[in-house]
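Bear in mind these aren't lab numbers, they're just calculated from the coordinates by the rules spelled out. Here the structure is a predicted model, which is why all the values come from computation and not from measurement. Cβ placement follows ideal geometry from the backbone for every residue including glycine, while neighbour counts extend to all protein chains displayed.
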Amino acid sequence: KEPKKKTSEFPYQGVPSLKPVVEVLPVPIKYNKTPIESKDTRNTPSYGHKAEIQVGVDIDDVLSKAIDQGVLLLLKEILAVAPQLRDKFIKVLCKKRVPVAEIKLMLEDDSLELEEQLNKTLVYVAVNLLEAPAKVCNETLDPMGQYIQTWQVNNAVLQYLEKLSPAECKHQVFTISPEEVNAARDMAMLRVIPALINKVHEEEALLDRGSQIISMSHKAASACRITWDPELTINMQSANRQITKTCGLAKNIPFNFGNVTIHLQLHVMEQAPYRVLLGRPFNVITESQIANSTEGHQFISITDPNTGECASLSTYPQEHLPHMQEVNF
């Protein structure tokens with residue numbers, strides 16, 4: 001048997017030592033004799049910015065003209081060689097945001113002039129100074145072939161406009177006199193009566209002897225299913241001097257007061273401080289009379305112009321008209 005080899009405690013003792021390092025000298029730099037292109041020439045852009053006005057303009061020619069022949073240059077030539085002047089032209093020709101205060105002032109001045117011209121052409125007519133409406137009798141044939149007399153009262157405003165030409169009618173403005181303004185302030189003192197209008201709805205009718213017209217608010221007219229002619233409108237000036245047009249005129253609307261039935265013409269108003277206003281035409285056609293009692297009550301007696309029947313109605317303060325209520329037992 002072969003004897004076992006003894007292992008060393010240091011396994012890397014048999015590794016040979018490294019060879020000595022040899023220093024290598026650096027290679028000398030060789031300079032290229034051919035010139036290298038500069039960055040400016042290498043990075044020269046392929047395109048440039050030029051305005052259309054600069055095309056075909058010789059700067060040297062422009063300079064010679066300016067020196068030899070004065071400043072007789074074309075605008076194209078001046079703008080081509082003067083960038084600051086071009087910028088000024090662009091600034092002047094481009095749009096920019098400007099305040100509109102001056103325009104508003106001009107419009108306000110124009111509207112004031114137009115209003116003054118309209119005021120010169122308008123004719124103001126006091127409603128309470130109009131001629132009293134006429135009471136007219138009409139004869140009609142009934143289904144049996146007999147003539148029946150029916151009475152109606154004309155509209156004071158239309159009665160006045162019939163005497164004018166169509167061109168003059170457009171410039172008429174019907175105003176409220178100071179007396180009517182004072183009466184309107186004390187409108188709470190006026191009395192009301194119940195009226196069944198158009199056989200549809202009962203409304204609170206305001207009695208006003210100072211008014212020459214019979215009028216109704218738009219809401220009340222809609223509630224009573226009344227139709228009106230929108231072509232027959234008039235210009236009305238209220239107490240605050242606002243001029244507004246009426247909605248139209250409703251003709252021959254039946255009003256029932258107990259056993260008395262009358263047909264009235266009324267103006268429909270867009271905004272009115274009342275539902276229904278019975279003016280002087282109502283008093284003319286019914287020959288109404290007011291009676292006051294010692295107990296503070298007030299009654300109105302009216303006459304049917306067609307049948308001659310009379311009726312006496314009790315008047316009430318505004319918004320205190322009694323209403324009937326159906327009760328089911």
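Quick look at the numbers
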{"item": "Distant-in-sequence amide H partners of GLU309 (H built 1.01 Å from N, under 5 Å)", "result": "ASP304"}
{"item": "Peptides ranked, highest mean first, by Cβ atoms within 10 Å: ranges 246-255, 223-232", "result": "246-255, 223-232"}
{"item": "³J(HN,Hα) computed for each position of region 77-91 - Karplus, 6.51 cos²θ - 1.76 cosθ + 1.60, integer Hz, glycine/proline x", "result": "5, 5, 5, 5, 9, 10, x, 5, 5, 4, 4, 5, 4, 4, 5"}
{"item": "³J(HN,Hα), Karplus 6.51/-1.76/1.60, whole Hz, each residue of region 48-53, x for Gly, Pro", "result": "x, 9, 8, 6, 4, 6"}
{"item": "Listed residue pairs exceeding 27 Å between alpha carbons, taken from LYS170/LYS199; LYS163/LYS199; LYS219/LYS251", "result": "LYS170/LYS199; LYS163/LYS199"}
{"item": "Ordering of 18-28, 266-276, 305-315, 206-216 by burial proxy (mean other Cβ atoms within 10 Å per residue, highest first)", "result": "206-216, 266-276, 305-315, 18-28"}
{"item": "Amide H within-cut-off set for THR246, under 5 Å, with H built and near neighbours excluded", "result": "ILE234, MET236"}
